[in-house]
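Here's the structure we're looking at; comments come further down.
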Amino acid sequence: MPDLSLASEFSPASREDWLRLVDKVLKGAPFERLRSKTYDDLTIEPIYARAADAKPIAGRLAGGPWQIMQRVDHPDPAAANAEALHDLENGASGLSLVFAGSVGAYGFGLDGSEAAIARALDGVHLDAGISIECQLSSETRDAPARIARLIRQRGVDPAKTSIRAGFDPLGLMALNGGHALTWEKLAPVVVQYVKDLTAEGLRGPFMVADGRVVHNAGGSEAQELAFVLAVAVAYLRALESAGVALDDARRMIFFRLAADSDQFLTMAKFRALRKLWGRVEEASGLAPEPVFISAETAWRMMTKRDPHVNMLRAAMAVVAAGLGGADAISVLPFTMALGLPDRFARRVARNTQLILLEESNLAKVADPAAGSGGIEDLTAKLCASAWSLFQEIECAGGAAAALEQNLIQRKVAAVHAEREAALKEGREALTGATIFPNPDEVPAIVLNVDPVLAPELPRAVSFEPLAPKRLAEPFE
């Protein structure tokens, strides 16, 4: 049987043919009307040719699934444990331990005590191939050491576990607007925590450069990328200063990005991060290696009104992060903006990923965007824009100094103001909030659990915080 060519019945078409058709539709209006701009002032063309000589970006194992991470954020460790076991029994491949006061806590989370951790992980077989990823606050910084102690008490081989400790002191400084210690004094303290976990036999990675703090505050894709790059370089320097070889230090660091419902920009952002970090490795005299990138669906796109639409936004975010090469993805349950989600909302979050992996087979192709003219162009432009901002942060003295000077905060605030204006003027929309509100909406169910208030801490250094802001808030 000859090869089946679905295009053989159609005459060849060129870009010029397309332009002539477009000109008829525009009726004399300028072609520029079909171009659009991102919040980083990057131009998106209406049509692209295939990118010549494009190669897949090395990332997640080809054909291998990403890790399906489920949040463990109930303040009651017994209730958290029940949900964790249920999630693992029904398809989750990892647990994201969310501690109160962390960047992604959103008002809830575990308290980080030894008893709470032991109870939350009761019955969880840590050497059974699942991953544990910690989202830490300053008050719960001892949680990874307590997990390591629990592993030792259970007689489990630490090398057979997968624990991502998630130390992110600069991200917490950005969230809280300061810290009790300056970065110069804080860096060696955190590095010692890392060394202690290494001595326990854990494989890591241990430190995370988390871009959600920028994304949650309304920042752009290039701003998020520049921030995580600057933070990761600061961690790399801190580890090297403490005597850790660079080749080992880079493997102790991973990244966490927000994934939102803008499919192409999110895909390009995840791809760009791998290229940017590879450039840092090359500049450090290292041969680039694939770095671990964790994703979480975006907090800022969540709405209280018509929350079921959040399912659609989250599904698109998972598609984008998965196709962009994320190694692990956590989905915020669709009722997250209303309170602590119940089991149904958690089930939807989990099954969103299971369906996309097992039925849609999204992980079967490595870097499926490679060669796409539009995605390759966006990836390259994001790399250039983010690298330029990264250099500006470095010129200011690095991530900590740039935060103290409010350099990053000013840029993020300007973009957030642009987003708010676009929503108010109807140039952008949030379904259920700014357009198509549902007057007959049935209230969604959440658990009757009070939010956990983070304590006020003394500060040796203070600056403007990067506070999380949902885009729908002004309309609710």
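Read-outs throughout are calculated quantities, based only on the coordinates presented, and are distinct from any laboratory measurement. As the structure is a prediction and not an experimental result, all values here were calculated from the model. Here the Cβ is made from the backbone with ideal geometry for all residues, glycine too, and neighbour counts use every protein chain on show.
A few comments on the model shown:
- Formal net charge of residues neighbouring R410 (Cβ-Cβ distance under 12 Å; K, R +1; D, E -1): -1
- Loop-resident trypsin sites (Lys or Arg not before Pro) (DSSP state other than H, G, I, E or B) in region 381-427 with no more than 14 further Cβ atoms inside 10 Å of their Cβ: R427.
- Proximal lysines to K185, defined as alpha-carbon separation beneath 30 angstrom and excluding residues fewer than eight positions away on the same chain: K195, K411
- Net charge of Cβ neighbours under 15 Å - reference L202; Lys, Arg +1; Asp, Glu -1: +2
- Trypsin sites (Lys or Arg not before Pro) within region 39-139, DSSP loop, no more than 13 other Cβ atoms inside 10 Å: R50
- In order through region 436-449: 3J(HN,Hα) via Karplus (6.51 cos²θ - 1.76 cosθ + 1.60), integer Hz, x for Gly, Pro: 6, x, 9, x, 9, 4, 8, x, 7, 8, 10, 6, 7, 10
- Scalar couplings 3J(HN,Hα) for region 256-262, obtained by applying the Karplus form with A = 6.51, B = -1.76, C = 1.60 to θ = phi - 60°, are 9, 10, 7, 10, 10, 7, 7 Hz; x denotes Gly and Pro.
- Rounded, prolate or oblate (a/c below 1.5 giving rounded, otherwise prolate when a/b exceeds b/c) for region 94-191 by Cα gyration tensor: prolate
- Mean separation of Cα contacts under 8 Å (6+ apart) over length of region 154-279, as relative contact order %: 28
- FRET efficiency estimate (nearest 0.05) - Cβ-Cβ, A62 to D3, R0 30 angstrom: 0.75
- The simple spin-label model puts a point 7 Å past each Cα toward its Cβ; for T43 and T198 those points are separated by 4.8 nm.
- Packing, taken as the mean count of other beta carbons within 10 Å per residue, orders the peptides 300-313, 75-88, 261-274, 454-467 from highest to lowest as 261-274, 300-313, 75-88, 454-467.
- Pairwise FRET efficiency - A460 versus N361, Cβ, R0 = 56 Å, nearest 0.05: 0.65
- Hydrodynamic radius (Kirkwood) for region 67-404, which is based on Cα pairs only, to one decimal in Å: 20.0
- Radius 13 Å from Cβ of K364, net charge of other residues (Lys, Arg +1; Asp, Glu -1): -2
- In percent, rounded to a whole number, the relative contact order of region 67-404 is 16, using alpha-carbon pairs under 8 Å and six or more apart.
- Pairwise FRET efficiency - R237 versus A429, Cβ, R0 = 25 Å, nearest 0.05: 0.05
- Note on the chain: helix-only mean residue ellipticity at 222 nm, from DSSP H runs of 4+ residues weighted -39500 (n - 2.57) and normalised by residue number, equals -13000 deg cm²/dmol.
- Between R410 and F10, the distance separating the two model label sites (each 7 Å from Cα on the Cα→Cβ line) works out to 5.0 nm.
- Modelled label positions at A384 and V156, each set 7 Å beyond Cα in the direction of Cβ, lie 4.8 nm from each other.
- Taking D440, D40, D450 and counting other C-beta atoms within 10 Å, the order from fewest to most: D440, D450, D40
- Counted residue by residue at 0.36 nm each, then reduced by the alpha carbon distance between them, the extension gain from D76 to E114 reaches 12.3 nm.
- In range of the label at A422: residues from region 217-243 whose backbone nitrogen is under 17 Å from the point 7 Å along Cα→Cβ: 217-225
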